[in-house]
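Presented below is the structure to which this report refers.
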Amino acid sequence: MQNLIADLRHALRSLRSHLTFTVTAVLTLALGIGGTTTIYGIVDGIVLRPLPFPNADRLITICEQYPGATSDWCSIAPPNVEDIAARSHSIAAIGIGRSWPYHLATAEGAESVTGGIVTPELFHALGVRPLLGRLFQRSDLMGRESDVAILSYDMWQTRFGSARGVIGRRIVLDGKPVTIVGVLSSDFALPKVSNVKLWRTLHIDPRDEQHRTWPGFVAYGLLRPGVSLASARSELNGLAGQIRREHFASVRDWGLYMESLQDLVVGDAKPVLLFFLGAVSLILLIGCANVANLLLARAGERSRELALRAALGANRWRIIRGLLVESFLLALGGSALGVLIAQWGTAAFKSLAPASTPRLSSVGVDGRVLVFALVLSVVTTMLFGLAPAVRAARVNLAGALRDGRGSNRRDRLAGRVLVAGELALAMVLVTGAGLLARSFAARAAWNPGFERDHLIAFSIFASNERYPTPALVAALLRRVETELRTVPGVVGVGSASAGPLFGGGDGAQDVAYSNRAGPAKSPAAWYDMSPSYFATLGVPVVAGRALSEADGVDAARVALVNEALAKKFWPNDTPLGKQLTLFSGKMQVEIVGVARDVPPATPGEPVQPQVYWSNRQEPRGYTYLLLRTSVDPASVMTAVRSRLKGIDTSLRPANVNTMPELVAEELKTPRFQMLLLVTFGMSALGLAAVGTYGLFAYRVARRRREIGIRIALGALGRQVIASVLREGLMLAAVGIVVGVGASFVAGRAMRGMVAGVSAFDPLTIGGSCLLLGLVAIVACFGPARRAASVDPAVTLTAE
């Protein structure tokens, strides 16, 4: 213990006496440790930390596969869940839920409220307990809208003043009285369903076969104790086969699969965050390589000191231990400063991250993250301290005591290898940053083919209670559009269930059609829209006719298709007059026109086949209004709200966004990813430049006698500079070659993050190589100029 204390005191004195070295090493490590700790804290909060539910490790979800289903969304139809619940021996409880809009009666009129519908088993599976009152029971599931509701904690506070007597009170939802039976706790939030103010039970019978093809719900299940996810998946495969034979024999590729609820919540964020954790770890490795290089150089300068200690009886282990203590103190200082950087970085991440980032509130620098930082300081000590310490302990007593030089060819080779490694790692990060920058530029250059600066979209909801028939909904939409066209500054109005960047789409279904090859099926996205929608958007009908007001509820069903569907279904024929069958034969439409394709906002993604039918024939209560204006789009919303209220006090616009705002929202995630990796890339580039500069500054200082002799023998200054630069470029070339190979590997991991550009884009890789070469030249130029300015007379006299 006394020896260790003595080593600590000696290490502190040594580091204090070489303050420039100490500050450089601590700051270098702080950057690497701080960045790594920041990203680890983010990964821990979002990916690793269990969900805030009892038995979180046993929570699962079940996803339905069907033609047109997308990989980024997991949903299922109610009857399929009922069958699974009845037949499964692995699942203890499983329920479903989704958001659902309501109108709440208030003294000022009806107010739109975001609600949710669930089956009672959902709360059971998640282990939810009410703060007040009770949860839903199976008897509350009536096959129609129930007369009970449960409040969220937020609504209980804001709307009812946290009154504990709220249980049993009645509110009016969609024109019908509903009794409050419970209040949920403040920490409850249903994964994948956000901003819900109140809950009601499912308004349909979940066993009703007519809803077998409505995969619009998220399933939340709990495995029985002792049942593994693998065995539950095996059982589900068998159940999926049974359900397929009974109900989906004619549906191509129908199936079920199971995921942990944690994976559902984290979604695509997991691979992205793990990629960034790997990226920031490269910065840590570069920092460790830099400090190792500094220690190797310093060990050469301290060779006389170490030789004296060895001559006085210090064995090799004692010398290694003393040097490792110095390394540990450097790492500890870097960790302390790194934790401060991590706190700042975490706060910056939470403020800049897109709102769609899952579990953002769980991110923070807590005890788990601090333990990680402490472990990281020990690991970094071993990374950058052990090899130089062992190397320095192999002291040549005679040579070191004679001239004080401990540096040899092996040390110089180690220094070059470390710098080449730094450049290779920097190459990987710079290339990745370049790919994301090019991808972001491609996204930002999205050209939808219509003028988008004077468009605004918002949703409205016509409840079933007020508008129970399709004819009433269609009449309401017609009246709303007619009224809004009279608003000053509005030059066009249309409605649709979704559009470019708003509404989320309606998924895809197998569409049956016939062409010259005979009957066939293929997935296509579907939307309902008003006759004026495409004219308002600015998308022309390139063949046939547009929809019209004459295509009403009692008329034959008609639809438009886009060019992508026409080319796919009828590549050598006209689609006009052809019939399409949707929803397993429940709906048949005649194609009367073809609309021009609207390219997706994601560059490189193909245009999907799409069907558009008239919302005057098959309308839905929840729809989006699209307005084209001759003035600032946001400036018309006050008048729009007034006109809607004059038509029906329950019609209040929600999800209001201009098209430029929607585009900006679409770019938030790729911009954030780009900025994050660009920051990492620039940090790596800076550290690599510092490492290269340090190596060549040290080498020039050690070679002053040799350089002095060369100049004395007639070497010109530019020849000396060229010699140093040539060595630096050769070192950079090695690092770049290795880095290019590593970049190809990293490119595979980045395929899901880049769009509109290849993950192996030659322009990006070539630009990164050029940038690394320039950084190496700049880093070497200072030492090269000092080498050229060596005075041979002074140098040789000193020697």
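The values are calculated or read from the model by the stated rules, or taken from the named source; none is laboratory data. All values derive from a computational prediction rather than experimental measurement. With ideal geometry, Cβ positions are generated from the backbone for all residues, glycine too; neighbour counts draw on all protein chains shown. Ligands, DNA and RNA are stripped out before the accessible areas are found, and what is left, the full protein with its side chains, is counted by its heavy atoms. Shrake-Rupley method; radii C 1.70, N 1.55, O 1.52, S 1.80 Å.
Quick look at the values:
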read-out	value
Subset of region 637-660 that is under 34 Å from the mean Cα position of the chain (by Cα) and open to solvent by less than 30 Å² (accessible area, probe 1.4 Å) - its residue that is farthest from Arg452 (Cα to Cα)	Pro653
Residue tally, condition touching a residue at least 40 places away in the same chain (Cβ under 8 Å) and not hydroxyl-bearing (Ser, Thr, Tyr), over region 122-165	26
Residue that is in contact with an Asp or Glu (Cβ under 8 Å, 6 or more places away or on another chain) and open to solvent by 10 Å² or more (accessible area, probe 1.4 Å), where the choices are Tyr66, Tyr40	Tyr66
Single residue of region 123-163 satisfying the filter (in a loop (DSSP other than H, G, I, E, B) and at positive phi) that is modelled with the lowest pLDDT	Gly143
Cβ-Cβ under 6 Å pairs, at least 6 apart or on other chains, region 170-189 side closer than 22 Å to Leu122 by Cβ and open to solvent by less than 70 Å² (accessible area, probe 1.4 Å), far side polar (S, T, N, Q) and outside any strand (DSSP E or B)	Asp174/Ser463; Leu184/Ser152
Output for region 215-260, where each listed residue is hydrophobic (A, V, I, L, M, F, W, C), under 16 Å from Gly95 (Cβ atoms) and open to solvent by 30 Å² or more (accessible area, probe 1.4 Å)	none
Filter result for the condition that a residue is open to solvent by 60 Å² or more (accessible area, probe 1.4 Å), among the hydrophobic types (A, V, I, L, M, F, W, C) and either touching a Leu at 6+ places or on another chain (Cβ under 6 Å) or modelled with pLDDT under 80 (or both), over Leu774, Leu729, Leu770, Leu796	Leu796
Filter pass, Asp268 being modelled with pLDDT under 85 and either within 34 Å of the chain's Cα centre (by Cα) or of a type in the set (Val, Ile, Thr) (or both)	yes
Count of residues meeting criterion [farther than 10 Å from Val428 by Cα, part of a helix (DSSP H, G or I) and modelled with pLDDT under 85] in region 733-767	2
Among (1) modelled with pLDDT of 80 or more; (2) open to solvent by less than 20 Å² (accessible area, probe 1.4 Å) - the single one Arg58 does not satisfy	(2)
Complete set of residues in region 238-255 that are of a type outside the set (Asp, Glu) and within 22 Å of Ser522 (Cβ to Cβ)	Arg244, His247, Phe248, Ala249, Ser250, Val251, Arg252, Trp254, Gly255
Candidate set: region 22-73, residues that are in contact with a strand residue (DSSP E or B) (Cβ under 7 Å, 6 or more places away or on another chain) and among the charged types (D, E, K, R); chosen: the one farthest from Ile341 (Cα to Cα)	Glu64
Residue match in region 65-87 (condition: assigned to a loop (DSSP other than H, G, I, E, B), in contact with a helix residue (DSSP H, G or I) (Cβ under 8 Å, 6 or more places away or on another chain), more than 23 Å from His203 (Cα to Cα) and not β-branched (Val, Ile, Thr))	no
Count of residues meeting criterion [out of contact with any strand residue (DSSP E or B) (no Cβ under 9 Å at 6 or more places or on another chain) and open to solvent by less than 50 Å² (accessible area, probe 1.4 Å)] in region 132-150	1
Single residue of Thr114, Thr106 found to be free of Cβ contacts under 8 Å to residues at least 60 places away in the same chain and either at positive phi or among the hydroxyl-bearing types (Ser, Thr, Tyr) (or both)	Thr106
Any hit, region 431-454, residues being open to solvent by less than 10 Å² (accessible area, probe 1.4 Å) and polar (S, T, N, Q)	yes
In region 78-107, residue surrounded by the most Cβ atoms within 10 Å (Cβ to Cβ) [restricted to those that are closer than 22 Å to Ala654 by Cα and among the small types (Gly, Ala, Ser)]	Gly97
Unique match (being modelled with pLDDT under 85 and out of contact with any strand residue (DSSP E or B) (no Cβ under 8 Å at 6 or more places or on another chain)) among Leu360, Leu340	Leu360
Hits in region 615-636 (condition: under 25 Å from Asp551 (Cβ atoms), open to solvent by 60 Å² or more (accessible area, probe 1.4 Å) and not in a loop (DSSP other than H, G, I, E, B))	Tyr622
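Residue by residue, here is whether (1) part of a loop (DSSP other than H, G, I, E, B); (2) hydrophobic (A, V, I, L, M, F, W, C); (3) surrounded by 15 or more Cβ atoms within 10 Å (Cβ to Cβ) holds:
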site: Ala535; (1), (2), (3): no, yes, yes
site: Val542; (1), (2), (3): no, yes, no
site: Glu549; (1), (2), (3): yes, no, no
site: Ala555; (1), (2), (3): yes, yes, no
site: Ala559; (1), (2), (3): no, yes, yes
site: Ala566; (1), (2), (3): no, yes, yes
site: Asp573; (1), (2), (3): yes, no, no
site: Gly577; (1), (2), (3): yes, no, no
site: Thr581; (1), (2), (3): no, no, yes
